[in-house]
Structures are given as C-alpha cells and as structure tokens.
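Notes for the one structure printed next.
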Amino acid sequence: MPDGSEQFDVSVAERLSGVSPDEWDACAGAENPFLSYAFLASLEDAGCVDAKAGWSPRHVLIKDHSGALLAASPLYLKGNSMGEYVFDWGWAEAYERAGGTYYPKLMSGVPFTPVTGPRLLVRGDLGTTVRATLKRQLAETMAGAAQGADLSSLHANFIPDADVAVFNDAGYLSRVGLQYHWHNRDYGSYDDFLGALSSRKRKALKKERRIATADSGVRVERLSGDAIRPHHWDALYGFYLDTSNRKWGQPYLNRDFFQLLGERMADRVMLVMAMRDGDIIAGALNLIGTDALYGRYWGCIEDVRYLHFEVCYHQAIDAAIELGLARVEAGAQGEHKIARGYVPVLTHSAHFIPDPGFRRAVAQFLDQERRAIHHERELLHEESPYRQGEGL
C-alpha cells in the first residue's frame, strides 16, 4: 500500500477502453454517475467524444509500480469551447487578437455536463496523506502538460469546493459561477416542501402543477431500470434533438449514446415522461447519484402550459424526496428555477494560464466577475419563495 513517500508512474490514455473499468470506478467513486467508467466510455464508444467533435481524450493515469491505478483525471484536448458551460469565448478572442493561438487547450471535466464533481480522482481506500499527494500530483501534471505542449491554457470545470485549494496551490486561477439547486430539508413529501414556502408561492405552485397535468389531460410517470424501453429512448432522443437544434444549433450527443446509456446505466437513469392519449409528448433525462438527482435534457412536441416546470423541476423534487436524496441539481442557468424552490449556489472552476501577461489579464477579469457574481447571488436570494429562515 502506498505511503506517500514513493514515486508513481504517470501516463496518458487516449481511450478509456485501455483502462480497467473497476480500477477507474474505484478512483471515481459511486457518488457522481457522470464520472463513472460507463458514462465516460459511452461518450467515447458512441463517437460523441473525439477529435472531430473537438474533444480528444487525454486521460491522466497515475499507477504504482505494480501497475495498479491509484489516481486519474478525465482530461481532453479541446479544439473549441463547445459543450463546457464555463464560458471562455472572450478569453479566446482576446488571446488571438494579441497574436496567440488559443486552441487547442486542455480541459478536465465531463463533456457536455455542467455538474460539479471531482476532477482529481483518487482511490478511496488510500490514506489521507497519499490521497493529498496524488491530488497535488494530478493538478501539477496537467499544468505541466499544458506548459510542455505550449498550450494557451488548461481548465478544470465544475470542481468541488474541497479541491479549490489544491488547484490554487498548483498555480491555477479560481473562477466562480452560479447554478440553481434544490435542497431536501428532510421533507417527508412534496406537501412538506410546499409548507416551507410562503403562502402565495405555495398556491402558485399547486396551480401550476394542476394546469400542467390534470387540466391539460396529461399524465406524467417516472421510469428507471428495466421499465425504460427502446421507444422511450427514441422519444427522448427526438426531444433532445429538437431542443439542441433550437438552443445550440447542433446536437452534441447521438442516438448510439442514449442506447449505451440504457444498456450500461439504466438503474442510474430516471426518465420523466409526459403522455396524453397514449402518446409521449414531453420528457426529461435525469441521472441518479448517491445523494443527488441530476437533471440534464428536456424536450417536447406540444406546447403545454407549465409542462416544462412539471417535468423538469416538480417531478425531480418529488423523486428526490421519495429516494431520500439530499438535493436536485437542475443544470445550468435559469432564474425561473428560484420560484420552484431552487436556490442559487456557487460553482467553481480552476484555470491554468502559462503566459504571464495573459494570466494577469484573466486574473483581473476573474476578480471583477467574482464580485459581480457574489452580488448577483445576494440579489437572487431576495427572490426566494421560502418563508424566512427556510430553504437556504
């Protein structure tokens, strides 16, 4: 067993297929489904993550001298900034105006997934000192790779609070963002949650749910595991295509990915499907973690008033209460989530900028942005639907 005093072997894997699934998952842990071997490998196997898409895997692996995997980081050589949700388009434009080449760059994170989770994956059975050493080595190795390849930057997106200091100590710049999460205060039912809201907001949500379902003749059901059939995936993929074409201009994922997700992770998937007269008219994809429900994709073929809120937010709260989960993370952006009980929380990212002049400019920007985001969060809290002292 490593004790933190020895040297480790560092390598790069250009596909997860060359890594043991059990060893990867021993490092990733079970908490966050997006970091699992099954999820990340499905992106690669379906062809959603490759050089053509601007995501070339360069996963960092740290092994002991026997070849056992001790630590890893999901790392990608990026040819663009698409599908990251921590926006650096302005940085790229400024760097290239100054004569630099911004792409390719390196990014540690989960493709197309604005979900916080560890990027410094270390085997859970190792001691505290060894874990700290391996985290530091991962952060330093990735920074060294950016410098050694003469790249503009390296970005670790949606990192947990606990790892911010590790990246800072390795010379990264810190950035914050905002998302909206719902927190379970040991509610026994959705009605218990409603009881934490002001009377006006409580009545508004009850009316909203009634209009979306009973008044509209819509039935909503949640599906997981073997209950998810191929026609459900077909419907969801159609919804995903419609939404992505309208919002992003092109879809990041293909039907093969959803097929693999169903084959490999159905027990960690929750589909919310809305039906009328036997037809599926709307749906949303959620993944189930050990303490959180993660909302990802939504779409519809009919415009039913409030149905988006029902399928994406109210049903997620219902499910989290039933499953005993601590929170719902409903994806990026969306101040409209506040009225549905979701509160603004800070997200974190870390950015390694080798060029001194560019680093100073980015650091200045981040200082200003950080103050603005903290101020925005304070203002958003004033819109909370909760009674005083509840929900935060």
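The values are calculated or read from the model by the stated rules, or taken from the named source; none is laboratory data. None of these values were measured; they are calculated from a predicted model. Cβ coordinates were reconstructed from backbone atoms using ideal geometry, including for glycine residues, and neighbour counts include every protein chain displayed. Just the protein is used for accessible areas: all its heavy atoms, side chains included, with ligands, DNA and RNA removed. Shrake-Rupley method; radii C 1.70, N 1.55, O 1.52, S 1.80 Å.
Quick notes on this one:
- Q147 touching a strand residue (DSSP E or B) at 6+ places or on another chain (Cβ under 9 Å), part of a helix (DSSP H, G or I) and either surrounded by fewer than 19 Cβ atoms within 10 Å (Cβ to Cβ) or not acidic (D, E) (or both): yes
- Listed by first and then second residue, the pairs with beta-carbon distance under 9 Å, at least 6 apart or on different chains, first residue in the range 215-236 and within 17 Å of E310 (Cβ to Cβ) and modelled with pLDDT of 95 or more, second among the β-branched types (V, I, T) and assigned to a helix (DSSP H, G or I), are V220/V311.
- Any chance H336 is open to solvent by 20 Å² or more (accessible area, probe 1.4 Å), modelled with pLDDT under 95 and not in a loop (DSSP other than H, G, I, E, B): yes
- Within the range 150-184, the set of residues being assigned to a loop (DSSP other than H, G, I, E, B) and of a type in the set (S, T, N, Q) comprises S152, S153, N184.
- Residue check: L241 meets all listed conditions (1) farther than 30 Å from A51 by Cα; (2) in contact (Cβ under 8 Å) with a residue 24 or more places away in the chain but one, namely (1).
- Residue in the range 374-392 that is within 30 Å of L223 (Cβ to Cβ), open to solvent by less than 60 Å² (accessible area, probe 1.4 Å) and in a strand (DSSP E or B) present: no
- Residue ID - surrounded by the fewest Cβ atoms within 10 Å (Cβ to Cβ), chosen from residues in the range 94-119 that are assigned to a loop (DSSP other than H, G, I, E, B) and in contact with a strand residue (DSSP E or B) (Cβ under 6 Å, 6 or more places away or on another chain): P104
- Scanning the range 222-244 for residues that are touching a Leu at 6+ places or on another chain (Cβ under 9 Å), farther than 13 Å from I301 by Cβ and not in a loop (DSSP other than H, G, I, E, B) returns R222, L223, A227, H232, W233, S244.
- Selection count, the range 185-197, where residues are over 19 Å from C312 (Cα atoms) and assigned to a helix (DSSP H, G or I): 2
- Conditions (1) in a loop (DSSP other than H, G, I, E, B); (2) among the aromatic types (F, W, Y); (3) over 18 Å from F257 (Cα atoms); number of the one not met by W24: (1)
- Residues of the range 18-58 satisfying the condition of being open to solvent by 20 Å² or more (accessible area, probe 1.4 Å) and either under 22 Å from V269 (Cβ atoms) or of a type in the set (V, I, T) (or both): P21, D22, D25, G29, A30, E31, Y37, A38, D45, G47
- Within the range 167-188, the set of residues being within 26 Å of A274 (Cβ to Cβ) and either in contact with a Leu (Cβ under 6 Å, 6 or more places away or on another chain) or open to solvent by less than 40 Å² (accessible area, probe 1.4 Å) (or both) comprises Q179, Y180, H181, W182, N184, Y187.
- Count of the range 217-246 residues which are under 23 Å from Y342 (Cβ atoms), more than 22 Å from the chain's Cα centre (by Cα) and open to solvent by 30 Å² or more (accessible area, probe 1.4 Å): 2
- Strands (runs of 3 or more DSSP E) lying entirely in the range 245-333 (those with 2 or more residues that are β-branched (V, I, T) and touching a residue at least 24 places away in the same chain (Cβ under 8 Å)): 269-276, 279-288
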